[in-house]
Amino acid sequence: MHDYCLVDCDFHHRLEALATLRQTCRISYCTVTGEIVEVQERIVDVYAANRADFLKLKDGTEIRLDRLISVNGNPTRFA
């Protein structure tokens, strides 16, 4: 695993709010192999593990936050 790049606190809080609101989101992210993936899914959890932050989608997909490109058209912001 590459070193984790911390996301901006406001961006992190927005992800938590989206999880609380239980809304389907348009999420774009980069996989570990460099593939860009776009999905429409609901965020069910935002959590920390192994010195990184993750979000978990309703379908079970787990995405490290520094691999996010955008959520609902809002680009990921880093600290």
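Being over 17 Å from residue 6 (Cα atoms) and not basic (Lys, Arg) is the filter here; which residues of region 33-52 pass it?
Scanning region 33-52 gives 33, 34, 35, 36, 37, 38, 39, 40, 41, 43, 44, 45.
Of all residues in region 48-79, those being free of Cβ contacts under 8 Å to residues at least 12 places away in the same chain, within 10 Å of the chain's Cα centre (by Cα) and closer than 14 Å to residue 12 by Cα number 1.
Counting the residues of region 26-43 that are exposed (fewer than 11 other Cβ atoms within 10 Å of the Cβ) and not polar (S, T, N, Q) gives 5. Taken over region 1-25, the criterion of being more than 13 Å from residue 76 (Cα to Cα), out of contact with any Asp or Glu (no Cβ under 7 Å at 6 or more places or on another chain) and open to solvent by 60 Å² or more (accessible area, probe 1.4 Å) is satisfied by 1, 2, 3, 16, 20, 21, 22, 23. Annotation: of all residues in region 44-70 being in contact with a helix residue (DSSP H, G or I) (Cβ under 9 Å, 6 or more places away or on another chain) and acidic (Asp, Glu), the one that is surrounded by the fewest Cβ atoms within 10 Å (Cβ to Cβ) is 45.
The values are calculated or read from the model by the stated rules, or taken from the named source; none is laboratory data. Owing to the predicted nature of the structure, the values given are computational and were not obtained by experimental measurement. Ideal geometry is used to build each Cβ from the backbone, glycine not excepted, and the neighbour counts take in all protein chains shown. Protein only, heavy atoms only, side chains kept; ligands, DNA and RNA dropped before computing areas. Shrake-Rupley method; radii C 1.70, N 1.55, O 1.52, S 1.80 Å.
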